[in-house]
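A short worksheet on the structure shown next.
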Amino acid sequence: MLDSSYSECLNQWIHSVAWEIELPSEWSDYFDGNGETGVVIAEDERSNQRVGIRRRALLWPELHLPFVERGDVPVGIYTRDFSRSGAGFLSPIEFYPEEEVRIVVPHFWVRVRVTRARRVGETCYETGAVLMQKFEPSADAFGGNVFAEAVRPA
């Protein structure tokens, strides 16, 4: 029951947020080959191998820097990859190292700390983050809102 409510709530949120990411034209195939198992990135020399999972997701800012104003409205993002210790994503706005965010995807949600960001387009920032916590689907993913009230009013 919870998984069904979680999925429904996530879909409602995904359809209610503004999608402002503009991928660079050379990334027109960004979502190609995406599947449940993802694609292992063979040339990666990191200690924890990454799995490519490219899909729409939601991000809520949780801890921001003093010079940055962040609201509590979710941001529509595209995930890039996940590993046991980190995550990569594309965002329409820039996040800075040391900011902490919550990322919600269909089968789990995570809290991460941004470690790097680079601009790849007018409204496209590639961001890397270190994993702080990983959670099973729950209402807490949406800020503790009850599933029925999770979608903000129009």
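Here are the numbers for this structure:
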quantity	calculated
Length added when fully stretched, ASP72-GLU94, from 0.36 nm per residue minus Cα-Cα	6.3 nm
Computed label-point distance, nm, for sites GLU8 and GLN133 using a 7 Å Cα→Cβ extension	2.6
Stretch gain in nm, segment ARG84-GLU20, where the contour uses 0.36 nm per residue and the Cα spacing is subtracted	20.2 nm
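Any read-out appearing in this document is the output of simple, stated calculations on the displayed coordinates, not a laboratory observation. Just so it is clear, the structure is predicted and the values come from calculations on it, not from any experiment. Here the Cβ is made from the backbone with ideal geometry for all residues, glycine too, and neighbour counts use every protein chain on show.
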